[in-house]
Every structure is written in C-alpha cells, then in structure tokens.
Amino acid sequence: MEHLRSRYQTIVIGAGQAGLAAGYHLARKGLAPWDDHVILDANDGPGGAWRHRWDSLTFGTTHHLHPLPGLELGEPDPTEPASAVVSRYYGTYETLMGLPVHRPGAVVDVRHDDGLFHLTLGSGERLSSSTVINATGTWNNPFRPHYRGMTDFSGLQVHTRDYTGVEQFTGRRVLVVGGGASATQFIMQLREHGIDTLWSTRGEPRWRDFGSAKDWGMEVERRVTEDTLAGRPPRPVVANTGLALTPRMQAGINSGALVSRGPIAYLTKDGVVFADGSNEELGAIVWATGFRHALRHLAPLKLRTRAGGIRIDPDAVSAHDLPGLYLVGYGASASTIGATRAGRRAAVAATNYLKSLPVDFANIKSAVAVGV
C-alpha cells in the first residue's frame with residue numbers, strides 16, 4: 001500500500017460496491033491511482049458492509065449481487081456465508097483492477113473552503129481534494145426506534161447490525177420488529193431452528209410478487225428520485241418496493257410465522273404490549289428496524305434541507321448545493337445494481353467537473369506524502 005498524499009483530484013469515501021465502481025471508472029477516465037485519486041475505507045479489509053453480515057446469512061439466501069464492472073462474480077457456493085463470498089470478490093477486484101484503496105481510513109470530518117474539500121481522518125491525517133465521491137452506505141448508522149419501557153425490558157435486545165446467528169436466542173421467545181426483508185429472514189431462520197417468534201410491524205406488511213410485476217423498478221426509482229430532488233430524505237427500501245413474495249415467504253405466511261401482530265404500544269420487564277391491547281411474554285427482541293445513511297462526517301458542509309434530506313440533481317449523484325460533491329449509494333442508487341451505475345455516473349461527473357476548473361487537472365500530480 002502506498003502512502004497517502006496530502007492533495008488529490010478526487011477522493012472516494014467508502015470501498016463498497018459504489019466506491020469500487022467509482023474507482024474503476026475514475027482510472028478509465030485518466031485519473032491515476034494513488035496520484036490523482038484514492039479510495040478511503042474505514043474497514044480493515046475488503047467487503048464493505050457485507051464484511052460484517054452474520055455467518056448464517058448464506059449467499060444463496062441474499063438478494064442478487066450485481067457484478068462490478070469488468071469482473072463477473074461467477075457462481076459461488078450458495079451455502080457459503082455471503083460475507084465470505086463478497087469479501088473475497090471485492091478483494092480480488094481491488095487487486096486485479098489496481099484500485100488505490102487505503103485502509104483503515106475512516107473519515108470523521110469533511111469541510112469545504114476556497115474551492116477544495118478538506119478531509120480529516122480518524123488517524124488525524126488531513127487530505128484535500130477538488131472533488132469527493134461519498135459512498136459510505138448505511139451500515140454504520142443503525143436506526144433504533146424508541147418505545148416506552150425499552151430500558152426496563154430484562155431480556156436480550158439485538159439490532160440487525162449485532163445479529164450473529166440463532167444461537168443467541170436458544171431457549172428464548174423472540175419478538176422481531178420491522179417490516180423489511182431482514183425481519184422476515186430472521187423469523188424464518190429462527191423458526192426453522194425451533195425458536196418461537198412473534199412479528200411486529202407498524203403497518204400491514206406489503207407483499208409483492210416481483211416476478212409478475214412489470215417496470216416496478218423504474219417506478220421505485222422515479223419515486224426515490226422525486227424525494228431527493230426535493231431534498232426529502234429517502235424512505236426505507238421496503239416502503240418503496242414492498243416485500244418479495246417468494247415460495248418460502250408464502251409458506252411462512254401460511255404457517256402463521258409471517259403474520260404481524262401490529263405496532264408496539266410499550267414494553268414491560270418481561271414482555272410486550274401491542275397497540276391492540278394484547279400482550280405477550282418475551283425473552284428477546286430483534287430490532288430489524290433498518291439503517292439511515294451514514295453521512296455524519298458531511299455535517300460541516302450544511303447540506304441538509306429543512307425536510308431533512310440532501311438535494312440531489314437529476315443525474316442521481318450530484319449534490320445540488322455543492323458542486324464537486326457526489327453521493328452514491330444514496331437515494332435511487334442504494335441497491336447494488338444502482339450503486340454500480342451510480343459509481344460510473346459519479347466518476348464521469350467528477351472528471352467533467354475537474355476539466356471545467358481553471359487548471360488542467362490532468363497535468364496536476366498530487367504531492368507531499370502524509371505522515372511517513
């Protein structure tokens with residue numbers, strides 16, 4: 001790994017699907033790895049958020065992983081943990097494509113002054129660049145709702161981010177909270193291992209047969225784009241897509257496992273009271289309540305609208321209120337296929353912006369090594 005320089009033309013924050021795709025296209029557009037652009041990854045190894053998924057989540061039970069540009073994924077063993085499959089694939093990709101990934105390189109602060117972005121890393125290192133492509137995803141910003149009695153509940157409470165497997169819940173009656181795909185996967189997995197489960201959602205689950213739905217993806221992207229154009233925060237994925245009604249999920253519905261008890265009213269020391277007044281004893285709660293975009297490091301840029309979101313241009317990646325900043329994996333580019341396309345869009349937009357600057361970016365080589 002090469003030493004960091006103090007000045008770059010483009011810095012990519014995040015080495016997940018979107019960040020790696022952006023790095024690939026930056027190089028193809030003429031930005032030299034390590035000299036003109038670098039990819040900063042907060043993790044200590046490849047894999048992005050997938051690196052942290054629980055071992056019992058096998059590749060065969062995940063959503064389809066769209067391939068990165070220039071390298072097909074192949075046909076991994078569907079019984080292998082998805083974390084291992086994707087980490088290996090991303091690592092191979094970084095090596096074969098010669099991507100300039102620096103890790104660990106957590107970014108804690110981004111500011112903008114005199115036409116440059118100034119980044120502070122967790123290590124204390126400081127870097128500057130003309131453009132920034134932010135690809136930090138959501139994994140580091142789990143959302144936990146608040147209910148009366150949460151601190152009184154004596155059982156185990158685990159968020160999706162901390163889920164390691166069914167062994168955590170042996171001998172416990174489990175309430176799974178959340179209306180997304182992770183919640184349904186947890187319930188089915190726990191049930192298959194003989195663990196009694198209950199399900200709570202704020203609204204009625206919205207099941208959808210994607211196999212028979214036409215152009216549903218375009219409609220979802222349209223709705224998400226409308227939100228980000230207006231500066232509204234993107235809604236949770238399931239709010240736009242619904243839940244996939246697969247044969248496995250239909251079996252869960254038929255068995256009663258995937259029938260929601262409705263919203264929670266409050267928790268007690270040893271159980272839950274639902275909004276309909278019914279109550280149940282519990283030994284554990286899984287908060288499958290999702291994530292929010294990990295953008296705290298961008299707070300000094302003051303891009304949040306009164307509605308709480310960041311305005312994104314029609315290209316789906318450019319920050320409307322700050323030229324030179326691109327957000328991939330945000331809004332319409334949140335899926336793996338969307339993130340791959342957005343990585344390319346951001347790289348194209350960044351290089352076009354650099355060409356518009358007074359000094360020819362192609363003739364500038366970043367200088368002055370940081371630290372060592």
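Please find the FRET efficiency linking LEU71 to ASP44, where r is the Cβ-Cβ separation and R0 is fixed at 22 Å, and quote it to the nearest 0.05. Mind showing how you got there, number by number?
Details: r = 23 Å, r/R0 = 1.03.
Calculated value: 0.45.
Full extension of the chain between ASP35 and ASP196 yields a length gain of 52.4 nm, computed as 0.36 nm times the residue separation minus the alpha carbon distance. Each principal axis of the Cα cloud of the chain was evaluated for its coordinate range; sorted largest first, these ranges are 68, 46, 46 Å.
Find out how many positive minus negative residues lie around TYR326, taking Lys and Arg as positive, Asp and Glu as negative, among other residues whose Cβ is under 10 Å from that of TYR326. Around TYR326, the surrounding residues sum to -1. Over the residues of the chain, the helix contribution to mean residue ellipticity at 222 nm works out to -7500 deg cm²/dmol, using -39500 (n - 2.57) for each DSSP H run of at least 4.
When the Gaussian network model of the chain links Cα atoms closer than 10 Å, the mean-square fluctuations of LEU301, LEU20, LEU40 top out at LEU301. Net charge of the neighbourhood of GLY203, taken over other residues with C-beta under 14 Å away and scored Lys/Arg +1, Asp/Glu -1, is +2.
Bear in mind that the values in this text are calculations on the coordinates, not laboratory data. This structure is a prediction, so every number in the text was calculated from the model and none was measured. Cβ sites come from the backbone with ideal geometry, for glycine too, and all protein chains shown count toward neighbours.
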